[in-house]
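These notes are about the structure you will find just below.
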Amino acid sequence: MHQILTEKEQRLLRDLREEEERIVEPMEKNLREIQENLNSIEEELSKLQKQAEQTDEAIFLRRQASRKRRISDDSHVLSVADGTLTIGKFKGPLQYTAWRDMLNSINPVPACLTLDPNTANIQLVVSGNQINVRAEKRRHLPRDNPKRFDPQPFVLGSEGYTAGRHYWEVEVREKTLCKVGVAQESVKRKGNIDLKPENGYWIFWPSPKSNYETSTSPSRATHNPIEKQWKVGVFLDYEGGQVSFYNVDTMSHLHTFIHTFTEKIFPIFGMAPNIREKSSAMLRICGIKGH
């Protein structure tokens with residue numbers, strides 16, 4: 001990113017120098033011509049003064065009238081300030097253009113995820129734009145299908161992956177037990193589910209007892225995500241067999257799973273209503289503005 005900003009600065013400085021040359025060179029040329037004309041006029045005035053002293057007044061005036069017409073025909077307007085700086089090129093949304101350049105160099109680019117309502121447990125309400133999910137105490141009654149999790153409160157992302165590196169962020173609002181991670185397409189979705197890697201689940205969730213827990217065991221972390229609002233970043237490297245979790249605020253590493261993936265992998269999100277809280281828990285997939 002430092003290299004991108006340096007290159008952007010160098011391009012702007014180069015363009016500014018070119019603009020300077022485009023504007024200043026004609027101005028300097030005009031200034032030289034103006035100075036030459038002034039010198040010529042001073043010489044002409046000196047000659048006229050001598051002629052006026054030595055020539056009859058009427059003859060002198062007729063000669064000067066004729067000379068004035070010739071000078072007017074040959075003259076052209078000169079201006080020192082004859083250029084305009086293209087200010088929009090240098091005074092504009094520079095932060096935005098630099099951000100766009102940096103965004104194009106990021107690999108992986110944070111994924112624009114949406115949720116699949118057809119997989120959502122009946123206590124989960126997916127928003128119309130499919131980036132928010134809310135857990136409620138009352139049970140909704142959508143028509144059941146084989147894709148839906150029941151009774152476990154999970155929902156999958158709309159898109160699965162069979163290759164590449166992918167990154168997304170999840171924001172949890174209100175205190176609640178939320179789980180994030182990835183799952184194989186063929187995972188068990190009905191009845192009791194054992195959230196272990198051998199069953200196709202690689203899950204991370206906050207825990208009041210040990211800061212956070214995973215599909216394998218409780219773990220200790222330097223960051224305690226049990227707050228009113230917290231964000232977790234999820235990184236999937238399919239070919240590399242890696243699923244890692246990060247504290248978005250500091251980008252500090254929280255946990256990593258290593259596994260050889262052999263089928264399509266989906267982002268998975270789980271949450272349950274908090275019976276002690278009056279407000280509904282909310283989980284949101286965080287995208288990048290303007291991308």
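Any idea which of (1) surrounded by fewer than 20 Cβ atoms within 10 Å (Cβ to Cβ); (2) at pLDDT below 90 is the one G240 doesn't satisfy?
G240 satisfies all of (1) surrounded by fewer than 20 Cβ atoms within 10 Å (Cβ to Cβ); (2) at pLDDT below 90 except (2).
So how many residues does segment 199-234 have that are buried (at least 18 other Cβ atoms within 10 Å of the Cβ), modelled with pLDDT under 90 and outside any loop (DSSP other than H, G, I, E, B)?
Selection size over segment 199-234: 9.
Need pairs with beta-carbon distance below 8 Å; first residue loosely packed, with under 15 Cβ neighbours inside 10 Å and within segment 186-198, second assigned to a loop (DSSP other than H, G, I, E, B) and among the charged types (D, E, K, R); sequence gap 6+ or separate chains.
Going by the 8 Å Cβ cut-off, the qualifying pairs are S186/E263.
Which pairs turn up if I take residues in segment 33-49 that are part of a helix (DSSP H, G or I) and look for partners that are surrounded by 11 or more Cβ atoms within 10 Å (Cβ to Cβ) and modelled with pLDDT under 85 with beta carbon separation below 8 Å, at least 6 apart in sequence or on another chain?
Between residues of segment 33-49 that are part of a helix (DSSP H, G or I) and residues that are surrounded by 11 or more Cβ atoms within 10 Å (Cβ to Cβ) and modelled with pLDDT under 85, the close pairs are E33/L78; I34/L78; I34/V80; N37/L78; L48/Q64.
The values are calculated or read from the model by the stated rules, or taken from the named source; none is laboratory data. Everything numeric in this text was worked out from a predicted model, so none of it was measured. Cβ sites come from the backbone with ideal geometry, for glycine too, and all protein chains shown count toward neighbours.
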